[in-house]
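I'd like to ask you about the structure that follows.
Please treat every number below as a calculation from the coordinates, not as lab data. Bear in mind that the values here come from a model prediction, so they are computed numbers and not experimental data. Note: ideal-geometry Cβ built from the backbone for every residue, glycine included; neighbour counts use all protein chains shown.
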2 protein chains.
Amino acid sequence: MDDKESTIKKFQKELNSGIASLVLLGVMANSTEPLYGYQIARQIGAGQKEGLSMKQGALYPVLRSLENSALLQSHVEPSISAPPRRYYQITPAGKAAYQEWKKVWEQTRDYVDATLKGTQP
Amino acid sequence: MDDKESTIKKFQKELNSGIASLVLLGVMANSTEPLYGYQIARQIGAGQKEGLSMKQGALYPVLRSLENSALLQSHVEPSISAPPRRYYQITPAGKAAYQEWKKVWEQTRDYVDATLKGTQP
């Protein structure tokens, strides 16, 4: 990996770590039913070129962190054909947080776009 | 600080740390002359409600990190009326990185917006 590629990757990684929580919370807020890891990964397009460049394994720490903040809750369901699956679901506090985060995201997005255009006051 | 406020602040902080490098590089790319810390802080609206919520002191680690990656260069100029000032300027490598980062930003922004709207494939 050359230097140029590594600064891009570093930037992408930093940018993604900020938005990973937002995107996950958004996916959960838009879902009408509990989802388990693989379903969530598919929703965010993990590993796809167009999606968030986030490996599926990187999802779990974010899910746990959102659960520790009581924005998500989870339960484990046994499965006959597969290992037990942990299903995640947004909490009322998570829905409220999502609305606030969305505002922060929109403000930040508009601010970044204005600054990059050089139209910042 | 209650829990709700603290999750918003945490989210804002994570989001900002990802975009701080991009915004700083953008300000430097759009500037025709070297700028010192206070001028850069004014450009990004540090401390203002509308701007990036980034205290002026938080700028310097980002500037140093961009310089360590050879995306910015700096020199110190003595001043009669004030302490010496360190002026920053974008390098050719910085200009190239900025173009790439801008693309990454635009893709990520569009991806986040699509996901939050629930229009993600």
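For chain B, what is the calculated [θ] at 222 nm in deg cm²/dmol (nearest 500), taking -39500 (n - 2.57) for each run of four or more DSSP H residues and dividing by its residue count?
-20000 deg cm²/dmol
May I pose another question? Connecting C-alpha atoms closer than 10 Å in a GNM of chain A, tell me which of A:39, A:89, A:107 has the biggest fluctuation.
Result for chain A, Cα springs under 10 Å: A:107 fluctuates most.
Using the crude model of +1 on Lys and Arg Cβ and -1 on Asp and Glu Cβ, and no other charge, please compute the dipole size for the protein assembly as shown relative to its Cα centre, in debye to 20.
My answer is approximately 140 debye.
Hey, for residue B:107 with labels 7 Å out along Cα-Cβ, what do the inter-copy distances come to in nm, ordered shortest first?
2.9
Still on this model: Eight or more residues apart or on different chains, and alpha-carbon atoms under 20 Å: count the Lys pairs in chain A matching that.
Counting lysine pairs in chain A gives 9.
On average, how many beta carbons from a partner chain sit within 10 Å of the beta carbon of a residue in A:60-68?
0
Same structure, new question: Taking DSSP loops as anything outside H, G, I, E and B, show the longest stretch in chain A free of trypsin sites (Lys or Arg not before Pro) there with at most 16 other beta carbons within 10 Å.
Values: sites that count: A:49, A:55.
It runs A:56-121.
Moving on to the next point. Just tell me how shielded B:99-108 is by partners: mean number of partner chain Cβ atoms within 10 Å of each residue's Cβ, no decimals.
5
Measuring from the axis that superposes chain A on chain B, report the chain A residue with the minimal C-beta distance, rounded to whole Å.
Taking the axis that maps A onto B, the answer comes out as A:18, 2.
When each copy gets a label point 7 Å from Cα toward the beta-carbon at residue B:83, what are the spacings between them in nm, shortest first?
Once sorted, the set of distances for residue B:83 reads 5.4 nm.
One decimal, nm, shortest first: give the distances between the label point of residue B:33 and those of the same position in the other copies, each label point 7 Å from Cα along Cα→Cβ.
The projected label point of residue B:33 is separated from its counterparts by 6.4 nm.
Cα atoms only, region B:3-116: Rg and Dmax in Å?
Cα only, region B:3-116: 15.6, 54 Å (Rg, Dmax).
What number in nm² do you get for the protein assembly as shown if you take the convex hull of its Cα atoms and divide its surface by four?
Numbers: hull surface 61.5 nm².
The directionally averaged projection comes out at 15.4 nm².
What does the charge dipole of chain A about its Cα centre add up to, to the nearest 20 debye, if the Cβ of each Lys and Arg holds +1 and the Cβ of each Asp and Glu holds -1? Don't skip to the answer; put the middle values down first.
Numbers: 15 positive and 12 negative charges, 27 e Å.
With Lys and Arg at +1 and Asp and Glu at -1, about 120 debye.
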